[in-house]
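Undergrad: Quick one: structure below, then a few questions.
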Amino acid sequence: MRIIVTGAGGMLGYALAPALAQAHQVTGLDIADCDIRDWDAVRNTFRALRPELVAHLAAYTDVDGCELDWRKAEECNAEGARNLAQACRELDATMLYMSTDYVFDGNQEQPYSEEAPANPINAYGRSKLQGERHLQTLLERYFIVRTSWLFGPKGRNFVATILEAARQGNELRVVNDQRGSPTYTRHLASKLCQLLATKQFGVYHITGSGSCSWFEFAQAIVELGGFRGVHVVPISSEQCGRPARRPANSVLENRRISAEGLGLLPHWREGVRIYLEERD
């Protein structure tokens, strides 16, 4: 199958594009190859490559940056997704769209199912939800996959940031009033390959098993990294003082992936352990 992967040079693309290439003809695209905000560029690129499947990973993921420049967030995350969905519609191609736990407001205590009403509280979440809706309006064959707290080789991520600070012996002040499910990119990429091989279209939640706060995540990274004497201090979101609000609870229930018989991802601590081994 001919597949386009947008954002192929990013953290998830680094894991997914090679995994798909084991069985398919994969073309990776980044902004230098095709600016997804430019309809003419998208249409011309797609007409030349004639993909049967498009895995859309490219996004503006700086949550605080999106809050400070909501228009850029909409152009990249919403309008870009619309351009790709329209191009897929013209070519009768299937589309995978990677979305986020931040489409939810975080007010409920239990994990969010795929059917839970979306109500984003920041510009990033709103722009990603708009992208979801463009797919649902324009396409019949699509996979919308919401994930959370990604980490893995290639690119900036929370695990790498904590490791660097721990090596410097710094005291780590980490938010303790936001909960989610850390997700290792290689585990996610493997599950996405399984999902894309099915015809069970629709909305899915796929995250690492288990949940934690950012503080607990940092504690585990320090522990599994073998750092001794590094002090991790819990703080509130208010003390952190970031421009964008974050949901207090963004744990996702992976109900549908389980119901389809595809199984759950390993526990997030296992992902951290493997990631640390890769870095050594």
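Since every read-out is calculated from the coordinates, none of them should be taken as a lab result. Source: prediction; values computed, not measured. Heads up, the Cβs are rebuilt from the backbone with ideal geometry, glycines too, and the neighbour counts pull from every protein chain shown.
Undergrad: Cross-link partners among lysines for LYS154, C-alpha distance below 26 Å, same-chain residues fewer than 8 apart left out?
TA: LYS72, LYS128, LYS191
Undergrad: Counting only DSSP beta bridges with both residues in the chain, tell me the antiparallel percent, nearest 5.
TA: The antiparallel proportion sits near 5 percent.
Undergrad: How would the stretch 223-265 be classified by its alpha-carbon gyration tensor: rounded, prolate or oblate, with rounded meaning a/c under 1.5 and the a/b versus b/c comparison settling the rest?
TA: It is oblate, given that a/c is not under 1.5 and a/b is not larger than b/c.
Undergrad: How much length would be gained if the chain were fully extended between GLN200 and ARG273, taking 0.36 nm per residue of separation minus their Cα-Cα distance, in nm to one decimal?
TA: Roughly 23.1 nm would be gained on extension.
Undergrad: If amide H atoms are built 1.01 Å from N in the plane of the peptide, which residues on other chains or at least 5 residues away come under 5 Å of the amide H of TYR112?
TA: Here VAL251, LEU252, GLU253 satisfy the definition.
Undergrad: Using a simple spin-label model with points 7 Å from Cα along the Cα→Cβ vector, what separation in nm is obtained for SER190 and SER236?
TA: Placing both labels 7 Å beyond Cα along the Cβ direction yields 4.1 nm.
Undergrad: Let me ask something additional. How high is the FRET efficiency between THR161 and ASN107 when r is their beta carbon distance and R₀ equals 41 Å, given to the nearest 0.05?
TA: Efficiency for this residue pair is about 0.90.
Undergrad: Starting from the Cα of ARG255, step 7 Å toward the Cβ, then list every residue of the stretch 90-110 with an amide N under 19 Å from that point.
TA: 99-110
Undergrad: With each pseudo-label sitting 7 Å past Cα toward Cβ, what's the GLU115-THR137 distance in nm, one decimal?
TA: In this crude spin-label approximation the distance works out to 2.5 nm.
Undergrad: List every residue whose amide H lies under 5 Å from the amide H of HIS267, counting only residues 5 or more places away in sequence or on a different chain, with H placed 1.01 Å from N in the peptide plane.
TA: SER209
Undergrad: Taking amide hydrogens as modeled 1.01 Å from N in the peptide plane, which residues meet the under 5 Å criterion relative to VAL174, leaving out close sequence neighbours?
TA: VAL233, ILE235
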